[in-house]
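A short write-up of the structure that comes next.
The values are calculated or read from the model by the stated rules, or taken from the named source; none is laboratory data. Predicted, not measured: the structure shown is a model, and the values here were computed from it. Every residue, glycine as well, gets a Cβ built from its backbone with ideal geometry; the counts of neighbours run over all protein chains shown.
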Number of protein chains: 2
Amino acid sequence: MSLGVGIIGAGTVGSGVIEILAESAASIRERTGVPVELVHVADTQPAALETPGLGNVRASLDAEALLSDPDVDIVCELIGGIEPAKTFILNALKAGKNVVTANKMLLAYHGPELCKAAADNGAELRYEAAVGGGIPIIKSLREGLAANTIKSVYGILNGTCNYILTRMTHEDRELEEVLKQAQELGFAETPPDLDVEGHDTMHKCQIIASLCCSTEVDPADIPVEGITHITRADIVYASEMGYVIKLLAIVRNVDGEVEAQVRPTLVPEEHLLASVRNEFNAVYVDSEHTGPTLYYGKGAGQMPTASAVVADIIDIGLRGEASALPPFIYGPRRKVRDEDQLEGRYYIRLTTKDQPGVLGQVCTVLGNHGVSIASCIQHERHVNDAVHVVLMTHETKQGGLTAALREINSLPFITKPSHRMPVL
Amino acid sequence: MSLGVGIIGAGTVGSGVIEILAESAASIRERTGVPVELVHVADTQPAALETPGLGNVRASLDAEALLSDPDVDIVCELIGGIEPAKTFILNALKAGKNVVTANKMLLAYHGPELCKAAADNGAELRYEAAVGGGIPIIKSLREGLAANTIKSVYGILNGTCNYILTRMTHEDRELEEVLKQAQELGFAETPPDLDVEGHDTMHKCQIIASLCCSTEVDPADIPVEGITHITRADIVYASEMGYVIKLLAIVRNVDGEVEAQVRPTLVPEEHLLASVRNEFNAVYVDSEHTGPTLYYGKGAGQMPTASAVVADIIDIGLRGEASALPPFIYGPRRKVRDEDQLEGRYYIRLTTKDQPGVLGQVCTVLGNHGVSIASCIQHERHVNDAVHVVLMTHETKQGGLTAALREINSLPFITKPSHRMPVL
């Protein structure tokens, strides 16, 4: 008696899963008791089906052949994107097969529909690999912290962005240059938009928010800001004030509402998240009884991601005859807090002509919108005939700040749009 | 239909579990679907049975009454120590009840016997709270990383020791003084031996070694060194070389043997473990496919520990009718590597009279035992008419170093026993 695994998509992650199952099926059985066995692989590219380790495994160019294979108990969807991944998963669930996926984009946009299909057919839908790669963060949130209400989650969830920000911080280089190198090294996709514009982080943020707040979250409700406008100057100013800039997915359970956003954020240097460097990911969770916990590891890459897929397979095997667990448990629909209602401290960088009265006028506008200033940096050095004015606010509402910045940007001495980042 | 929970021991952790179940049973049911219900509490102290939240729950002064209560599906053993905890757990398992325990000492000394009793009776024995308090480290090692062979684990597993070392590092104070303050603040037990002598860390090390190396590990085979001989001077020398001193449980899978030891260790300042401060715990795991991961949180305290106990209860509930998982899966018995065979770099501190030829003679002895020196610190300042000579070795076998230090300690100019710490 074995647990038959089928893999749709023998690309990077798929071939990693094939490698683990080919090499370690015996040791996994010994360590966990689960008789996992790769029985079928499907890929539209004939070359992908020549992956080493396939041996006697059935190979199909057509995923439907795999989905109708009675020896396949668990379908791993590893092609990514919305279609045809969604159709494959729905068909697998309808056939009563369990599904493991690494597809964060699909979950973010169609989680509730997939969840319903799983429930209707008594099948499992697992997605550990979709967030944090090799870090068992979904398991930790769902099971390890099951006794707790999750109060907040701060996640570094995109290795490419963290690599770029780390290199900018440690090597005095601008984003374009580091990004180009990252692409050459294979750490960043071409085009890099899904990563550097923050969308990949948003998909993961949506999954964490749905899971931790037990509610359906519309991805369109999550404000997203990537890292493309971060300059070396911002990193230096942040450092002068004792902070490091990280792209964070921020999720909070607040007063019956859900706070969910993706933002470059100033993280205090002594915070553990500030020490998470290069392509590593980490998730900082504050929960009701346990207090702060942190989970760190490789958030992407072939083998870490494949390891998470195989962990899900083993988990399904260990559950044996137990009734299927729902991928998400949705309670009543809760509102994602409007951006303008978010509260916190903010970093503001203005680019302005060097003339008298600037700081006074800026502070007046901020004050009119209820934003008060905690500290200020202005150096004598000029940047293309302009100077930077960097302000750190006290606790304030984002709405007031946004309105103030709109007004400030129209002042005659402001030479470039201002921008702001929240502070952790 | 509910899942009946019985608690033996309504002390600190027990009353934390009572609090969570009393306040959160409904929200746990909503979030996880598990109908957990506290039905029985036993404690030898009548006062302990007046804990708030007990309401209609049955209360017994005698644990046997709880063990024979047919409404109790899961027994939580929260009294600690070897007996009567062991008898209670064995009786519960024999009655086919599932058991959740936080008892690391009992697991370290009697794990295999308890494991056999669980298997013989088809019952679960869970122990997430025994290691790392609120950090879901057992779950991460057993399930999250199930696709991997674990290569090594480095754990800061005793909050008291980490608190003391952190305060010594940041406040220029000696151990006795910090310990006294920690005792006053309730962070350290009186007497503190189980913590500061390293035994508590050893118990956890034994559990991790058994789990990660799939073998029975005799606790007597684990070399243990506590922190009592660490001085402020060691901390300063380590810092000059770029290291922080942490008490680590070290487990490694090497060449078919198990390496398991508890040692104050020099951790490089840029390593994440170096940033784990005060009473926090962290476990750094290097695994086959996932690479390095780290898990951080509160390793002790009422609510974090209670949260881990409740997570185990929920997990058993989620498994429903699935067959019980063994607490450990033991493969063939493997040898714990002899201390003398351990390899690595070492920090050595000698206390010697300030006279010519000392360094030459010391280095000759070390060289005769195959130990070569990478760097050296000797300051002009005197300590009670003697000077410290601090040496950092290249990679070496511990056996040679131990023999060399024995010889060095008998040299006439050495005024105090020398000591050494491994380097991570």
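The set of residues in region A:361-399 being part of a helix (DSSP H, G or I) and free of Cβ contacts under 8 Å to residues at least 60 places away in the same chain consists of A:Gln361, A:Val362, A:Cys363, A:Thr364, A:Val365, A:Leu366, A:Gly367, A:Asn368, A:Gln398.
Does A:Val309 satisfy being surrounded by fewer than 22 Cβ atoms within 10 Å (Cβ to Cβ) and touching a helix residue (DSSP H, G or I) at 6+ places or on another chain (Cβ under 6 Å)? The answer is no for A:Val309.
Just checking, how many residues over region A:113-155 are part of a strand (DSSP E or B) and over 13 Å from the mean Cα position of the chain (by Cα)?
Residues flagged as part of a strand (DSSP E or B) and over 13 Å from the mean Cα position of the chain (by Cα) within region A:113-155 amount to 5.
Within region B:315-332, if we keep just the residues that are facing chain A (nearest Cβ under 7 Å) and among the hydrophobic types (A, V, I, L, M, F, W, C), the residue that is farthest from B:Glu216 (Cα to Cα) turns out to be B:Leu318.
Selection of region A:20-56 for residues being out of contact with any Leu (no Cβ under 9 Å at 6 or more places or on another chain), part of a helix (DSSP H, G or I) and either under 14 Å from A:Ala311 (Cα atoms) or of a type in the set (Val, Ile, Thr) (or both) yields A:Ile20, A:Ser24, A:Ser27, A:Arg29, A:Arg31. Inspect region B:333-343 for any residue being within 7 Å of chain A (Cβ to nearest Cβ) and either in contact with a His (Cβ under 7 Å, 6 or more places away or on another chain) or not acidic (Asp, Glu) (or both) and give the result as yes or no. No: region B:333-343 contains no residue that is within 7 Å of chain A (Cβ to nearest Cβ) and either in contact with a His (Cβ under 7 Å, 6 or more places away or on another chain) or not acidic (Asp, Glu) (or both).
Contact map, region B:274-294: first residue within 19 Å of B:Ile235 (Cβ to Cβ), second residue surrounded by 22 or more Cβ atoms within 10 Å (Cβ to Cβ) and charged (D, E, K, R), Cβ cut-off under 7 Å, separation 6 or more or different chains; pairs are B:Glu279/B:Lys298; B:Phe280/B:Lys298.
May I ask you to verify whether A:Arg334 is surrounded by 15 or more Cβ atoms within 10 Å (Cβ to Cβ) and part of a loop (DSSP other than H, G, I, E, B)? Yes; evaluated as a whole, the condition is true for this residue. Cβ separations smaller than 7 Å between residues 6+ apart or across chains give the following pairs from region B:19-36 residues that are over 24 Å from B:Ala48 (Cβ atoms) to residues that are of a type in the set (S, T, N, Q) and surrounded by fewer than 22 Cβ atoms within 10 Å (Cβ to Cβ): B:Ser27/A:Thr149; B:Arg31/A:Ser214; B:Pro35/B:Ser2. In summary, B:Gly33 fulfils each of the numbered conditions (1) modelled with pLDDT of 95 or more; (2) touching a helix residue (DSSP H, G or I) at 6+ places or on another chain (Cβ under 8 Å) with the single exception of condition (1). Listed by first and then second residue, the pairs with beta-carbon distance under 9 Å, at least 6 apart or on different chains, first residue in region B:52-63 and more than 20 Å from B:Phe88 (Cβ to Cβ) and assigned by TED's automatic domain parsing to the domain that holds B:Val13, second of a type outside the set (A, V, I, L, M, F, W, C) and loosely packed, with under 15 Cβ neighbours inside 10 Å, are B:Gly53/B:Glu23.
Taken as a whole, the condition of being surrounded by 21 or more Cβ atoms within 10 Å (Cβ to Cβ) and within 14 Å of chain A (Cβ to nearest Cβ) does not apply to B:Val41.
Candidates are the residues of region A:275-307 that are aromatic (Phe, Trp, Tyr) and touching a Leu at 6+ places or on another chain (Cβ under 8 Å); the one that is nearest to the other protein chains (Cβ to nearest Cβ) is A:Tyr296. Quick one: in region A:175-202, of everything that is at pLDDT 95 or above and in a loop (DSSP other than H, G, I, E, B), which residue is farthest from A:Pro223 (Cα to Cα)? So the residue we want is A:Glu197.
Scanning region A:121-158 for residues that are aliphatic (A, V, I, L, M), within 12 Å of chain B (Cβ to nearest Cβ) and either closer than 18 Å to A:Ser214 by Cα or without any contact (Cβ under 8 Å) to a residue 24 or more places away in the chain (or both) yields A:Ile137, A:Ile138, A:Leu141, A:Leu145, A:Ala146, A:Ala147, A:Ile150.
Taking the criterion of being among the basic types (Lys, Arg) and at pLDDT 95 or above, would at least one residue in region B:381-390 satisfy it? Among the residues of region B:381-390, not one is among the basic types (Lys, Arg) and at pLDDT 95 or above, which makes the answer no.
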